[in-house]
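K.L.:
Below: one structure in structure tokens.
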């Protein structure tokens, strides 16, 4: 393995979980689709790796590629979809058990699916814990505007998951 | 009620998303396949063009204007369609995934808006030219082929035309839906 291959492998190991989570959020929890999307993203990362300037944050760089690739691979077919819809998920009665956590996650996927494309990208980055200025940089919306938008989407999502 | 921090914690603690050696090897295979695919499509395209040009010169040897016209319409329309698709594919692949999402979104909207010209201007023109070429050749087919083979050519061509029309219509509907969703935000 040469230097670039090694660097690529390290990148893959370090960033795969966050890329995969983002993709799962985009395809409402469909693992196969998310894996395909993740692969597509890592191919783009490979193609652009030599252009990466080390003064910028590698995470932000990868998230940029990820949200743009997910947008360009937008799926329009709903037929035979293995993704989760809100009606498929039972209500959460007790909290903190494993089953309830799984249900809560499934509801979260279903609620994210209901958001607009841009709001979906924003909330996925928020869930990943990115600071607002980085989200603003990745999405290309001014910091003030993104702050109010995040607040609104967070409320919307929390209410949706709680079935309010 | 769930608070957002709780959702965030569940989000980050999702299972089954750890990277594996097999996953990385699959990725390397996919990278190699992309390079091979590009090489193979270039070779196929070059061979097709050489065969078509060779065939065209072979046919023009008969000095039959009707054949030349019919064949030129059919081959020309196919070539234009192929070139348009290759141009579109390259444009899509060359889009800058490193720009911010708003700029990338505008680039995508531009791409799908350009595709409208392909779908609603070029595609009908190409289909019309192809069918015209076929209709020009029909009297020659009738004169030189047996009735059975002539009927077979007509029926199979109509079926092929219907099949391609459905395929292209589906592609157009899908792309227009995509454009609509991207424009919605």
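Bear in mind these aren't lab numbers, they're just calculated from the coordinates by the rules spelled out. These numbers were taken from a predicted model, which means no experiment stands behind them. Here the Cβ positions follow ideal geometry from the backbone for every residue, glycine too, while neighbour counts run over all protein chains shown.
K.L.:
Report the label-to-label distance for residue B:49 and residue A:7 in nanometres (one decimal), using points 7 Å from each Cα along the Cα→Cβ vector.
P.N.:
Each label point lies 7 Å from its Cα, and together they span 3.5 nm.
K.L.:
So, R0 is 56 Å and r is the distance between the beta-carbons of residue A:50 and residue B:135; what FRET efficiency does that work out to, to 0.05?
P.N.:
Numbers: r = 53 Å, r/R0 = 0.95.
That pair, residue A:50 with residue B:135, gives E of 0.60.
K.L.:
Between B:26, B:63, B:100, where does the largest GNM mean-square fluctuation fall for chain B, given springs only between Cα atoms within less than 10 Å?
P.N.:
B:26
K.L.:
If you wrap the protein assembly as shown's Cα atoms in a convex hull and average its projection over all directions, what's the area in nm²? The partial results should precede the final answer.
P.N.:
Working: hull surface 90.8 nm².
For the protein assembly as shown, the mean projected area of the Cα convex hull comes to 22.7 nm².
K.L.:
How far is it, in nm, from the label point at residue A:36 to the one at residue B:99 when both lie 7 Å from their Cα along the line to the Cβ?
P.N.:
The answer from the label model is 2.7 nm.
K.L.:
Tell me, what does the Kirkwood hydrodynamic radius of chain B come to in angstroms if you use every pair of distinct C-alpha atoms? Write down the numbers at each step before the final one.
P.N.:
On the way: mean 1/r = 0.0471 Å⁻¹.
About 21.3 Å, per the Kirkwood formula over Cα pairs.
K.L.:
Averaged across the residues of A:106-119, what count of C-beta atoms belonging to other chains lies within 10 Å of each residue's C-beta? Please report the intermediate quantities before stating the final value.
P.N.:
Numbers: counts 0, 2, 6, 1, 0, 1, 1, 0, 0, 1, 3, 7, 6, 1.
The per-residue average across the peptide is 2.
K.L.:
Suppose we look only past 19 Å in the calculated P(r) of segment A:1-81. What percent of the Cα-Cα pairs does that tail hold?
P.N.:
On the way: 1180 of 3240 pairs.
Roughly 36 percent, once rounded to a whole number.
K.L.:
Just subtract the alpha-carbon distance of residue B:145 and residue B:31 from 0.36 nm times their residue separation and send over the number in nm, one decimal.
P.N.:
Details: separation 114, 0.36 × 114 = 41.04 nm, distance 4.88 nm.
That pair, residue B:145 and residue B:31, stretches by 36.2 nm at full extension.
K.L.:
Separate question: On average, how many beta carbons from a partner chain sit within 10 Å of the beta carbon of a residue in A:63-73?
P.N.:
Details: counts 1, 7, 3, 1, 5, 12, 3, 1, 8, 11, 1.
Averaged over the peptide's residues, the number is 5.
K.L.:
Return the distance in nm (one decimal) between the two label points of a simple spin-label model at residue B:117 and residue B:6, each offset 7 Å from Cα along Cα→Cβ.
P.N.:
Computed distance between label sites residue B:117 and residue B:6 equals 5.5 nm.
K.L.:
Tell me the angle of helix B:21-60 to the major Cα principal axis of chain B, expressed in degrees between 0 and 90 and rounded to the nearest ten.
P.N.:
With rounding to tens, the tilt is 20 degrees.
K.L.:
For residue A:60 and residue A:114, FRET efficiency with R0 = 22 Å and r from the beta-carbon atoms, rounded to 0.05?
P.N.:
After rounding, the FRET efficiency stands at 0.25.
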